[in-house]
Number of protein chains: 4
Amino acid sequence: MMYERCVAYLDQRGVTLDDIADCVLFLQQRYHPELTLAQCRNVVEEVLHKREVQYALLTGIGIDVAVENHRFLDPQLEMIVQADAPLYGIDEVLAYGICNLYGSIALTNYGYIDKCKPGIIEKLNRDHAVNCHTFLDDIIGAVAASAAGKIAHNYEK
Amino acid sequence: MMYERCVAYLDQRGVTLDDIADCVLFLQQRYHPELTLAQCRNVVEEVLHKREVQYALLTGIGIDVAVENHRFLDPQLEMIVQADAPLYGIDEVLAYGICNLYGSIALTNYGYIDKCKPGIIEKLNRDHAVNCHTFLDDIIGAVAASAAGKIAHNYEK
Amino acid sequence: MMYERCVAYLDQRGVTLDDIADCVLFLQQRYHPELTLAQCRNVVEEVLHKREVQYALLTGIGIDVAVENHRFLDPQLEMIVQADAPLYGIDEVLAYGICNLYGSIALTNYGYIDKCKPGIIEKLNRDHAVNCHTFLDDIIGAVAASAAGKIAHNYEK
Amino acid sequence: MMYERCVAYLDQRGVTLDDIADCVLFLQQRYHPELTLAQCRNVVEEVLHKREVQYALLTGIGIDVAVENHRFLDPQLEMIVQADAPLYGIDEVLAYGICNLYGSIALTNYGYIDKCKPGIIEKLNRDHAVNCHTFLDDIIGAVAASAAGKIAHNYEK
């Protein structure tokens, strides 16, 4: 049930599971050329079934929405979050809370995807003027990086 | 200026710098019996001058207040945060974002203080029925643990 | 197979699975009074089957043994590790690498156990004069804390 | 003195401060085109003066050298470390122990540099057949990423 609500919130904020699966493919295709989008989506679904991931995702979207509605503590903090100020960093802290659960490979993949901003991550990032996706883009990057870590571990076995 | 706003928000939420300094004393007195409350408060002030700490503190209080005002995404998430559900864990993720900046000693001290709940941390924790301090108590624990780590490092030099 | 070698190395360094299970009981008994040592040992075994945990454990014991044999880089580093110098901290970094995989509850439990030093952890710590257990005691604390985190999550479900 | 020994060990393992400064430039030049190699080297020196960084560096080199000399616990672990097996991950755990001290920007930069492997990092990586640099390349990446994080913070002020 919690899982369904996460997927619904993602959809409401403009993100599909295939968007996230695309990011996983971006990260893992060079190591496993035969990997399909459907396989990536399956692993994304597994990651999104983990309780801590769901809590991080909902909390991050909660902050983004509160900032959009000008109801997050005070105007100065709202401005900092809305602008995704380079030193703000709390969105990355939440993202690391997800990646840590999936080990070192997830963490390095997150750092890489956060710089390269493939697909949906770049799209959310461009959207900054109107909406606030400061937390969402990092959380999606973290979910994709975690799924990539899981795939790397599965191949090894 | 950011520093002053952090201190003002702490005050508004019922926390003084001496409350935090008391927690530092609780952590460090057994190693350094001559340590004074005034010295501890000085180090707490230093920690609160760090930009990332300020952002974590304001974001945490921002979530607590949004939950109190029933304006944080949806009623189910609000209930989970308000109750400080044992598996929620995002408050600890934010706290670790602070402690990590101060190294291993800060991290172990945080784990310890989070279990022992001395002084203000216990007080905030008891207050759960009316107010929401789910994030604040962990952030105060993290600031105190970071200050304790800083003191341990200073003594070594 | 890797699992069997980890258990054999633990045994060789004076640690049984029941010693670790005792630490888990120490951490979780107040929340779940009906918990048995056998249940704790089962979860310890599960944690020790995780590949990253095995690598951290073997690497930590590898450093301890190299220091005992005076074959770890140079005498000054060996002395610092042997003495478990309070600011050394790399043993804790390895321990956090384990706990992070099991979420926030594991991390706070680790900080707590690292201060309280129940059972085998205190025993290894006392042994410092002759042997080097600088990494082993933290790794055992991390395995116990991770098992405690797993138990907490299982009860919730 | 500890600092001088770290620089001497780096030199002995084939790494100069300018090699690390080059990695910093690689990471920061796109944001600050006027940044010079000399400025980057200054910040690298600052990072290498931090006690925890020195301990991580010496411990990492200590493991690399012990593996080269076939004196690290047992042949199977030595083989895994020597091959830098994709799931080994303990080298990254040590690297994160460094980056965490410098905040979110350092962490994402580390993930990026670990994938792109500029300059000295690629060179150390190619060297795997004869020497073991499994820990060193990650530690250098972490030092460079931390220096990059420090530069980003300094520019903001």
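Where in segment B:1-64 are the helices (runs of 4 or more DSSP H), entirely inside, with at least 3 residues that are within 11 Å of chain A (Cβ to nearest Cβ) and either more than 12 Å from the chain's Cα centre (by Cα) or over 19 Å from B:TYR102 (Cβ atoms) (or both)?
Where helices (runs of 4 or more DSSP H) fall fully within segment B:1-64 and carry at least 3 residues being within 11 Å of chain A (Cβ to nearest Cβ) and either more than 12 Å from the chain's Cα centre (by Cα) or over 19 Å from B:TYR102 (Cβ atoms) (or both), they are B:2-12.
Can we say C:VAL93 is crowded, with 24+ Cβ neighbours inside 10 Å and at pLDDT 95 or above?
Taking the combined requirement at face value, the residue satisfies it.
Kindly check whether there is at least one residue in segment A:91-108 that is more than 8 Å from every other protein chain (Cβ to nearest Cβ), in contact (Cβ under 8 Å) with a residue 60 or more places away in the chain, at negative phi and not aromatic (Phe, Trp, Tyr).
Within segment A:91-108, none of the residues are more than 8 Å from every other protein chain (Cβ to nearest Cβ), in contact (Cβ under 8 Å) with a residue 60 or more places away in the chain, at negative phi and not aromatic (Phe, Trp, Tyr).
Identify the residue in segment C:74-89 that is touching a helix residue (DSSP H, G or I) at 6+ places or on another chain (Cβ under 6 Å), assigned to a loop (DSSP other than H, G, I, E, B) and touching a residue at least 40 places away in the same chain (Cβ under 8 Å) and, among all such residues, is farthest from the other protein chains (Cβ to nearest Cβ).
C:ASP84
Take C:ASN69 and decide whether it is within 13 Å of chain D (Cβ to nearest Cβ) and out of contact with any Cys (no Cβ under 8 Å at 6 or more places or on another chain).
So C:ASN69 passes the test.
Pick from C:ARG51, C:ARG71, C:ARG13: which is without any contact (Cβ under 8 Å) to a residue 24 or more places away in the chain and among the charged types (D, E, K, R)?
Matching residue, one of C:ARG51, C:ARG71, C:ARG13: C:ARG71.
Among the residues of segment A:126-157, what is the count of those that are assigned to a helix (DSSP H, G or I) and within 12 Å of chain D (Cβ to nearest Cβ)?
Count: 13.
For residues that are more than 24 Å from B:TYR3 (Cβ to Cβ) and either of a type in the set (Val, Ile, Thr) or touching a Cys at 6+ places or on another chain (Cβ under 9 Å) (or both), tally how many sit in segment B:73-104.
6
With respect to D:PRO118, determine if the residue is surrounded by fewer than 22 Cβ atoms within 10 Å (Cβ to Cβ) and either more than 12 Å from every other protein chain (Cβ to nearest Cβ) or modelled with pLDDT of 95 or more (or both).
Yes; evaluated as a whole, the condition is true for this residue.
The values are calculated or read from the model by the stated rules, or taken from the named source; none is laboratory data. Remember, it's a predicted structure, so these values are computed and weren't measured experimentally. FYI the Cβ positions are ideal-geometry reconstructions off the backbone, even for glycines, and counts take in every protein chain you see.
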